[in-house]
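Below is one structure, written out as structure tokens; the observations come after it.
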2 protein chains.
Amino acid sequence: MTDQLPAHRRQPLSLDTALASFDALWSPRIVTHVNDYDVRVAKVEGEHVWHVHDDTDEFFLVLDGELEIALREPAGERTVTLAKGSVFVVPRGTEHRPAARERAAILVFEPTGTLSVGDRHEEVPDHVDATTGHALQA
Amino acid sequence: MTDQLPAHRRQPLSLDTALASFDALWSPRIVTHVNDYDVRVAKVEGEHVWHVHDDTDEFFLVLDGELEIALREPAGERTVTLAKGSVFVVPRGTEHRPAARERAAILVFEPTGTLSVGDRHEEVPDHVDATTGHALQA
């Protein structure tokens, strides 16, 4: 019942407004929920860490800039490049490392509770936030 | 394993390219899958039908143009307007009717198999496609 939703979920939300509300890189904000999934947005620049989600696919949409995702597949390592307005799904179990040469903004869909650094990952540097997503400040 | 994916899912997809590949209105195309969810895009203009998804929320992102969603809530009827780049989730069980005064393009995220006209709906006019989403032609 929408009447029971918090006020900020009863109106449409501009993704530009959401992105303007924070500065942190690699620190996703939860924009909204769809059943037991989150829609999150993040500002990114530089390299994330190699990590794996064992039990879930991960959907990426580039809202601004360009995103590279390095993938370690059975056939070897490759990198896909997502221009603004492009989408890509990293299949569950595939080790991957997102990166952006310049500042970019992305939207991701994934199950609520999914950790930004996956179930297994290399050492997390200071510039990467290991989180299940932060609430957007109204 | 990404090596087992069809070729078109092993590379990023431009949503503009996807939208350029068809003309039909209110006839969603499946862009990709995320676990047991679909990401679909649709071109829209005019009014859809009042309908309800009893068991799932429905996520909307406006890619181009402007979308209105009329909602029948316990407190009464209201309409939300989504500008380009805005998102909104229609909660499960809420009767709603999307509409666009001029041509617009949207992205939706919902469980695979979700019918475009919901579980209950008014009579479906010829200009609305009752579908669980069509495959995108490569």
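The values are calculated or read from the model by the stated rules, or taken from the named source; none is laboratory data. Note that the structure is predicted; figures quoted are calculated from it, not measured. A quick note on method: Cβ atoms are made from the backbone with ideal geometry, for glycine too, and the neighbour counts reach across all protein chains shown.
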* Asked: Looking at (1) within 13 Å of the chain's Cα centre (by Cα); (2) under 26 Å from residue B:108 (Cα atoms); (3) surrounded by 15 or more Cβ atoms within 10 Å (Cβ to Cβ); (4) not small (Gly, Ala, Ser), can you tell me which one residue A:115 breaks?
  -> (3)
* Residue check: is residue B:77 surrounded by fewer than 15 Cβ atoms within 10 Å (Cβ to Cβ), within 14 Å of another protein chain (Cβ to nearest Cβ) and modelled with pLDDT of 95 or more? -> yes
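May I ask you to say which residue of A:97, A:120 is closer than 23 Å to residue A:66 by Cα and not small (Gly, Ala, Ser)? Show your work before the answer.
Working: A:120 fails: closer than 23 Å to residue A:66 by Cα.
On inspection, the qualifying residue turns out to be A:97.
Among B:40, B:101, which is at pLDDT 95 or above and either touching a Gly at 6+ places or on another chain (Cβ under 6 Å) or under 23 Å from residue A:111 (Cα atoms) (or both)?
Numbers: B:101 fails: either touching a Gly at 6+ places or on another chain (Cβ under 6 Å) or under 23 Å from residue A:111 (Cα atoms) (or both).
None of the others qualify; the one that does is B:40.
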* Structure fact -> By residue number, the members of the stretch A:1-21 that are in a loop (DSSP other than H, G, I, E, B), buried (at least 16 other Cβ atoms within 10 Å of the Cβ) and modelled with pLDDT of 95 or more are A:12
* To do: Out of the residues in the stretch B:29-69 that are in a loop (DSSP other than H, G, I, E, B) and more than 13 Å from chain A (Cβ to nearest Cβ), state the one that is farthest from residue B:14 (Cα to Cα).
  => B:50
* Single condition residue B:66 does not satisfy, out of (1) among the acidic types (Asp, Glu); (2) within 25 Å of residue A:62 (Cα to Cα); (3) touching a residue at least 60 places away in the same chain (Cβ under 8 Å) -> (3)
